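Asks: Pasting a structure below so you can have a look.
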Amino acid sequence: MMPQSGGAMAQEDAQIWGKQDVSSSKGMKDENFPVGSFLISPGHRPAVHAYYRFARVADDMVDNTRLSPAQKVVRLKALREVLHGERKPPPGRADAWSAVILRTVLQERNLPLELGSDLITAFIMDAEKTRYEHWSELLHYCRYSANPVGRFLLMLHGEGEETFGPSDALCTALQIVNHMQDVSSDLKQLNRCYVPLPWLQEENVRLKDLILARSKPGVRRVFDRMLAHVDALNEEAARLPALVQDRRMRLEAAVIVALCRRLTERLHRQDPIAERVALTKSDGLRALGWAMRYLR
């Protein structure tokens, strides 16, 4: 095959990446839970920030309502190819270069590239799949969308494999409560629903009932069923802080465990359809206070 000319490469890049850089205006402070907080060692924070930027770029690609599902998949696969060194990023595109930066970070820390590319797998699922038939399907999605984040942080700090199980439980719980927070907006804006459809059908609930002013009794029962599973995940996640050797990472893990439990409790009491169920500054202070028991 003849090498492409500069003009041909630029044309191909334009077809793949589009004209607009999709680097997000959102920042780490906009997230529900701490990302690279002051508890993380300053030496590790740049790596955490690079991982976050890459995830944010990919997330914005798949949530872009101006792109078709096929266009989203093409961009996401190109981003994964850049991460794996199989494609050069176009110049001046911060979205594409986020993969180059993360690739460098992972290689310098001797961490697997799959910690980044697994996220791409999840975002491709989001582009191609908008409904879930079984709880196991949702757990499979979380395996790629959430669990790599916890494993990245733990591996970055040199933690052992014994931490992975509780970490996976925590990250899956965080992902599901986030889906529950956004259940109406995801359906309205993205036509995406992570609630298992058979559970809705068993309660004689229709999808459009998820975008009403408040939850019907049947919807509430479905939410409670989901939260019962989250409660079990939180129980497993509670083992995580005691297993983490690095003190600062241990405190970070403890804070997130406490915040996830607190948000789960709020979702038990409040209606995510009627209002935005979110954590408060008071919740954060309480979580930090609870985490202090792991300061040793």
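Asks: Search region 96-107 for residues that are over 23 Å from H157 (Cβ atoms) and pair each with any residue that is among the charged types (D, E, K, R) and part of a helix (DSSP H, G or I) when their beta-carbon atoms are under 7 Å apart and the residues are at least 6 apart or on different chains.
Replies: So the pair list comes out empty.
Asks: For region 278-291, name all the residues that are outside any helix (DSSP H, G or I) and either open to solvent by less than 20 Å² (accessible area, probe 1.4 Å) or more than 25 Å from S41 (Cα to Cα) (or both). Even if it seems obvious, please write down each step before you answer.
Replies: In the first step, residues of region 278-291 are kept if they are outside any helix (DSSP H, G or I); the result is 278-280.
Within region 278-291, just A278 meets the criteria.
Asks: From (1) of a type outside the set (D, E, K, R); (2) surrounded by 19 or more Cβ atoms within 10 Å (Cβ to Cβ); (3) under 24 Å from L153 (Cβ atoms), pick out the condition that doesn't hold for V183.
Replies: Going through the list (1) of a type outside the set (D, E, K, R); (2) surrounded by 19 or more Cβ atoms within 10 Å (Cβ to Cβ); (3) under 24 Å from L153 (Cβ atoms), V183 breaks only (3).
Asks: What are the residue pairs meeting all of these: first residue in region 241-263, first residue buried (at least 24 other Cβ atoms within 10 Å of the Cβ), second residue modelled with pLDDT of 95 or more and among the polar types (S, T, N, Q), Cβ atoms under 7 Å, and 6 or more apart or on different chains?
Replies: So the pair list comes out as V244/T163; C260/N234.
Asks: In addition: Does region 178-199 include one or more residues that are touching a Pro at 6+ places or on another chain (Cβ under 7 Å) and over 19 Å from E133 (Cα atoms)?
Replies: Quick first cut of region 178-199, residues touching a Pro at 6+ places or on another chain (Cβ under 7 Å) only: 180-181, 183.
Filter once more, keeping what is over 19 Å from E133 (Cα atoms): 181.
Yes - at least one qualifying residue is present in region 178-199.
Asks: Please verify whether R109 is open to solvent by 10 Å² or more (accessible area, probe 1.4 Å), basic (K, R) and within 23 Å of R239 (Cβ to Cβ), treating the condition exactly as stated. Spell out how you get there, then give the answer.
Replies: Working: open to solvent by 10 Å² or more (accessible area, probe 1.4 Å): yes; basic (K, R): yes; within 23 Å of R239 (Cβ to Cβ): no.
Judged against the criteria, R109 is not a match.
Asks: Could you list all residues from region 73-93 that are part of a helix (DSSP H, G or I) and open to solvent by 60 Å² or more (accessible area, probe 1.4 Å)?
Replies: Our first condition is that a residue be part of a helix (DSSP H, G or I); within region 73-93, this holds for 73-83.
Residues satisfying the conditions are V74, K77, R80.
Asks: Let me ask you something else. Applying the selection to region 146-163, what residues are out of contact with any His (no Cβ under 9 Å at 6 or more places or on another chain) and either open to solvent by 20 Å² or more (accessible area, probe 1.4 Å) or more than 15 Å from A55 (Cβ to Cβ) (or both)? Give the derivation first.
Replies: First, pick out the residues of region 146-163 that are out of contact with any His (no Cβ under 9 Å at 6 or more places or on another chain): 146-152, 154-155, 158-163.
Listed by number, the residues that qualify are V149, R151, L154, M155, G158, E159, G160, E161, E162, T163.
Asks: Pull out all pairs, ordered by first then second residue, where Cβ-Cβ is under 6 Å, the residues are six or more apart or on different chains, the first lies in region 119-134 and is among the hydroxyl-bearing types (S, T, Y), and the second is in a helix (DSSP H, G or I).
Replies: From region 119-134, the pairs are T121/Y144; Y132/L138.
Asks: A further question follows. Please list, ordered by first then second residue, the pairs with beta carbon atoms under 6 Å, 6 or more apart or interchain, first in region 190-214 and farther than 21 Å from P69 by Cβ and of a type in the set (D, E, K, R), second open to solvent by 70 Å² or more (accessible area, probe 1.4 Å) and assigned to a loop (DSSP other than H, G, I, E, B).
Replies: Pairs found: D209/K216.
Asks: Would you call Y141 crowded, with 18+ Cβ neighbours inside 10 Å, part of a helix (DSSP H, G or I) and in contact (Cβ under 8 Å) with a residue 40 or more places away in the chain?
Replies: Values: crowded, with 18+ Cβ neighbours inside 10 Å: yes; part of a helix (DSSP H, G or I): yes; in contact (Cβ under 8 Å) with a residue 40 or more places away in the chain: yes.
Judged against the criteria, Y141 is a match.
The values are calculated or read from the model by the stated rules, or taken from the named source; none is laboratory data. Source: prediction; values computed, not measured. Because the Cβ atoms are built from the backbone with ideal geometry, glycine has one as well, and the counts that use them run over all protein chains shown. Side chains are part of the model used for accessible areas, which takes the heavy atoms of the whole protein and leaves out ligands, DNA and RNA. Shrake-Rupley method; radii C 1.70, N 1.55, O 1.52, S 1.80 Å.
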